[in-house]
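S.K.: Here it is, the structure in full.
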């Protein structure tokens, strides 16, 4: 399949890749994009990366990246291929791109898309590697839907057990691309796949995206178990119950969810990583271990230096949806994580709640 | 459903439960059986447990259990209900039993069944909580098939993320009962289910039993990652690849496997526990960390005091099956665990093998 692409596209106009974002994860991803742009004829060699300009030791970050070929600020351990070009001007970075990858905090997306849209190349398609989901008064807003709406193009999703610092040293890992257009799915796979970064494909953008958000609720529950010094049996049970509820949530509120999605990297693997490492687990552990002496606000200040925790926020927004639909009782695990985090329910109710 | 049982059976002859086995796990299970025998009218109050007689401080173990109500030798932290009666004579322990539970090393099963069969009560059914699977020249022998054949009765399976020492203190956990006869499945659920021991039911004895055995191969792979100091991304990828191959193996060689089985406690939860704790993981970690200086025989001597490791043994027997069928290439993960364990393949080939 991949070989056919290379042949079929070899004489056609080449696909031009742009990466919008240059944080930790974006930089880890663009290393692979650069490598594959050189490796496969279907892609134009140059991969532009939009970099929000900053000064590092009195120099522009983009200049450092373009001379030293490393993002010294956000991924110093991962050298970049020289065909990755850092561009401080968003419109110039995206100019002529036919495959545009977003990897920025989601609150910046809308204005960025406005700038990017007029300059893109023919038949452009997008991929979102943006973490999390958004919410409005009506409930959940998927980032892929936002991109589809604002950019008006087919949008794939990339999620998986992908800690950027491990990717930077080419440690073996996997990821999942959820697609709705199979050709675009294969093209994005070709752009990211590497011996050290095994890409799985599923025809399910919604499931992939929701896994990436809902896993953080489960990690809060797993962290509670750690903080209460519960053993491996109990933690594994809580993770499993969380996984089942993730699947149930997806199938209750969306159509076309694939069972297989939950056995892909974006499902069970990312969930495991998040429940054994990760900041959501860590903060929930600290909350439980404090025995009521600290609030999540205290912990965000201490551990996250004031950043907001994804897992509790997602639990709150998901609870808002469940309340609106009168379905709290059908999602007892998500509901209990919410009640412990926001309504002072005792932490040990995470296991004394009768789940099923 | 459970309530109906209690009503329906209340005036009928009661079910009589016997536990064959009194090790760590058997004792943890019989605590629950004793509790539920008292709790539900469908069961005769007394639960007999066959105990291989040993001397502890100059006294018979059965006498200690029947006076102190604790198995001081194998589960000192878990008090037993007084209606659990330790019996040193196998035939007497099983006499009149209509629900017989096996929890012994599988090599003892055949001769035990011969003793037990003539004394059982009417319409007896069995449940196996025996760990692992057996092998003969033709390949895999499921313990449930062995019991079905030798005892001639319907046989359910119990497997899950159930470390006995955690169960002994009533830490919350889950388990899975695989059944083929739904009524017997519900009866065994009623016998084991407890607020601290949540029983899930699946109509799939084979899937449940194979999960319990194949997970140990995956734990060897996960242990290799730990020994090589690989990060969370990599280990999660290996666990996921292993889970997919477990599922593929079940579906390739057996009929009637349920997808849901792999999301039950016997599947993903037990796999997680085994890959983060457990002796298979630990020994594989030591093997990888030794950098070729130690063999698995050395490690079994040092860490397991000469006991054999389940995971490598299962990898070997599974490889025997795959070789016979010419299917090694279709199970690259199982094959690679075998090659590293038995054919001196480099340990880091656990991630450099192209899996899919």
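The values are calculated or read from the model by the stated rules, or taken from the named source; none is laboratory data. All values reported here derive from a predicted model rather than from experimental measurement. Because the Cβ atoms are built from the backbone with ideal geometry, glycine has one as well, and the counts that use them run over all protein chains shown.
S.K.: State whether the residues of segment A:82-92 include one that is part of a loop (DSSP other than H, G, I, E, B), exposed (fewer than 15 other Cβ atoms within 10 Å of the Cβ) and touching a helix residue (DSSP H, G or I) at 6+ places or on another chain (Cβ under 9 Å).
M.R.: yes
S.K.: Quick one: in segment A:31-55, of everything that is free of Cβ contacts under 8 Å to residues at least 60 places away in the same chain and assigned to a helix (DSSP H, G or I), which residue is farthest from residue A:93 (Cα to Cα)?
M.R.: Result: A:39.
S.K.: With the condition kept exactly as written, say whether any residue in segment A:277-286 is over 27 Å from residue A:172 (Cα atoms) and free of Cβ contacts under 8 Å to residues at least 12 places away in the same chain.
M.R.: No, that holds for no residue.
S.K.: Still on this model: Taking residue B:204, is it over 22 Å from residue A:271 (Cβ atoms) and more than 10 Å from chain A (Cβ to nearest Cβ)?
M.R.: So residue B:204 fits the description; yes.
S.K.: Just name the residue that is surrounded by the most Cβ atoms within 10 Å (Cβ to Cβ) out of those in segment B:215-236 that are free of Cβ contacts under 8 Å to residues at least 12 places away in the same chain and at the interface with another protein chain (Cβ under 9 Å from one of its Cβ atoms).
M.R.: Looking at the filtered set, the residue picked out is B:236.
S.K.: Separate question: When you look at residue B:261, is it modelled with pLDDT of 95 or more, assigned to a helix (DSSP H, G or I), assigned by TED's automatic domain parsing to the domain that holds residue B:304 and closer than 27 Å to residue A:159 by Cβ, yes or no?
M.R.: yes
S.K.: Next question. Counting just the residues of segment B:134-159 that are touching a strand residue (DSSP E or B) at 6+ places or on another chain (Cβ under 9 Å) and more than 27 Å from residue B:322 (Cβ to Cβ), which one comes out nearest to the other protein chains (Cβ to nearest Cβ)?
M.R.: So, considering only residues that are touching a strand residue (DSSP E or B) at 6+ places or on another chain (Cβ under 9 Å) and more than 27 Å from residue B:322 (Cβ to Cβ), the one nearest to the other protein chains (Cβ to nearest Cβ) is B:158.
S.K.: Only one of (1) outside the structural domain of residue B:109 (by TED's automatic domain parsing); (2) at pLDDT 95 or above fails for residue B:183. Which number is that?
M.R.: (1)
S.K.: Among the residues of segment A:286-297 satisfying the criterion of being on the phi < 0 side of the Ramachandran plot and loosely packed, with under 14 Cβ neighbours inside 10 Å, which is farthest from the chain's Cα centre (by Cα)?
M.R.: For segment A:286-297, the residue satisfying everything is A:293.
Residue-by-condition table, conditions (1) within 14 Å of chain B (Cβ to nearest Cβ); (2) in contact with a helix residue (DSSP H, G or I) (Cβ under 7 Å, 6 or more places away or on another chain):
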position	(1), (2)
A:252	no, no
A:266	yes, yes
A:294	no, yes
A:304	no, yes
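S.K.: Under the condition of being at the interface with another protein chain (Cβ under 7 Å from one of its Cβ atoms) and part of a helix (DSSP H, G or I), which residue from segment A:271-285 is surrounded by the fewest Cβ atoms within 10 Å (Cβ to Cβ)?
M.R.: A:276
S.K.: Considering each residue of segment A:315-345, count those that are over 19 Å from residue A:248 (Cα atoms) and either within 14 Å of chain B (Cβ to nearest Cβ) or in contact with a helix residue (DSSP H, G or I) (Cβ under 7 Å, 6 or more places away or on another chain) (or both), and give that number.
M.R.: Matching residues across segment A:315-345 total 4.
S.K.: Follow-up. For residue B:342, work out the one condition from (1) under 16 Å from residue B:140 (Cβ atoms); (2) free of Cβ contacts under 8 Å to residues at least 40 places away in the same chain it doesn't fulfil.
M.R.: (1)
S.K.: Could you check how many residues of segment A:135-176 are touching a residue at least 40 places away in the same chain (Cβ under 8 Å) and within 23 Å of residue B:244 (Cα to Cα)?
M.R.: Of the residues in that region, 12 qualify.
S.K.: I've got another one for you. Could you please give the count of residues in segment B:254-264 that are surrounded by 24 or more Cβ atoms within 10 Å (Cβ to Cβ) and more than 9 Å from chain A (Cβ to nearest Cβ)?
M.R.: Adding up the residues that qualify gives 1.
S.K.: So residue B:300 ticks every box in (1) in contact with a helix residue (DSSP H, G or I) (Cβ under 9 Å, 6 or more places away or on another chain); (2) away from every other protein chain (no Cβ under 14 Å); (3) modelled with pLDDT under 95; (4) loosely packed, with under 12 Cβ neighbours inside 10 Å but one. Which box is left unticked?
M.R.: Among (1) in contact with a helix residue (DSSP H, G or I) (Cβ under 9 Å, 6 or more places away or on another chain); (2) away from every other protein chain (no Cβ under 14 Å); (3) modelled with pLDDT under 95; (4) loosely packed, with under 12 Cβ neighbours inside 10 Å, the lone unmet condition for residue B:300 is (4).
S.K.: For segment A:237-250, which positions are at the interface with another protein chain (Cβ under 7 Å from one of its Cβ atoms) and buried (at least 24 other Cβ atoms within 10 Å of the Cβ)?
M.R.: Correct list: A:237, A:239, A:240, A:243.
S.K.: If a residue has to be surrounded by 15 or more Cβ atoms within 10 Å (Cβ to Cβ) and part of a helix (DSSP H, G or I) to count, how many in segment A:333-355 make the cut?
M.R.: So the answer is 11.
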